Amino acid sequence: MSVLELFYLFTSWVQYQARRSALKEYLKLKKIPKGLRRRIKEFAEYRWSKTVFGEASILQDLSWPLRQELSSFTNVELTKRVPIFRDAPPSLIMDFVGVMQPLYFSAKDVIYRKGDVGREVFLLLAGRVEVLSCRRKRPVTVLHTGDMFGEECLFFSGERPVTARALSLVELYQIERGPMQDLFLDYEKTYQTVRLVQPNNLLRMMRIMLFV
């Protein structure tokens with residue numbers, strides 16, 4: 001490991017420790033209840049572990065071809081975890097990643113409520129999410145890594161028919177309706193070509209959205 005890499009890791013560790021200390025003092029000062037304090041600390045630790053390398057700043061320093069090559073490599077894991085991306089054209093996956101925003105939730109956090117206006121679709125990368133209906137005490141279903149949810153907003157405008165709540169620490173991608181529709185329209189011709197050779201769940205969803 002080079003001196004520069006060691007310096008970067010040391011700097012990241014110092015920043016991490018400073019964040020932990022600041023959070024601890026804040027929770028103590030505000031006299032936050034024990035249960036809530038534990039959830040906040042757990043979430044913060046998980047969230048910080050995802051940002052220690054500063055991926056966004058790393059990508060900004062690369063040329064566009066290198067960004068594409070790096071994205072193609074890192075997106076292999078995404079295609080393994082999210083079934084709808086399997087066998088999709090690499091260019092489509094890269095464009096999808098470009099419009100997705102990472103979000104994190106702790107256990108019991110409500111991602112959206114029944115009656116909220118639906119404007120986003122979500123891809124679950126890690127954790128578990130329960131889907132709740134006011135008519136039933138038990139969850140309608142429990143979602144796991146790779147599941148997509150909230151996609152009803154792609155097909156009609158209106159209120160969410162159910163509530164989605166995190167059962168554990170959750171990592172997901174949020175995709176807003178507008179950019180997703182624009183992306184689907186851009187790939188209309190691509191779909192017409194690819195579907196004859198290599199059918200795919202994502203491309204089938206595009207077909208439904210665009211032509212039904």
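Derivation of every value follows stated rules applied to the coordinates shown; laboratory data play no part. Just so it is clear, the structure is predicted and the values come from calculations on it, not from any experiment. Here the Cβ positions follow ideal geometry from the backbone for every residue, glycine too, while neighbour counts run over all protein chains shown.
Residues whose amide H lies under 5 Å from that of Thr141, counting only those 5 or more places away or on a different chain, are Val131; hydrogens are built 1.01 Å from N in the peptide plane. Couplings for the stretch 28-42, taken from phi via the Karplus curve 6.51 cos²θ - 1.76 cosθ + 1.60 with θ = phi - 60°, read 5, 5, 7, 6, 5, x, 4, x, 5, 4, 5, 5, 5, 5, 4 Hz in order; Gly and Pro are left as x.
Once both labels are positioned 7 Å from their Cα atoms along Cα-to-Cβ, the gap between Ala126 and Asp95 label points is 2.9 nm. Potential lengthening of the chain between Arg135 and Asp182 amounts to 13.4 nm, from the contour at 0.36 nm per residue minus the alpha-carbon distance. Here the Karplus curve 6.51 cos²θ - 1.76 cosθ + 1.60, taken at θ = phi - 60°, turns the phi angles of the stretch 157-174 into couplings of 8, x, 7, 5, x, 9, 10, 10, 9, 6, 9, 8, 4, 10, 10, 8, 10, 10 Hz, with x standing for Gly and Pro.
Full extension of the chain between Arg86 and Trp48 gives 10.8 nm of extra length, using 0.36 nm per residue less the Cα-Cα distance.
In terms of surrounding Cβ atoms within a 10 Å radius of their Cβ, Val117, Val97 rank from fewest to most as Val117, Val97. Distance between the modelled labels on Ser21 and Arg37, one decimal in nanometres: 1.9 nm (7 Å Cα→Cβ projection).
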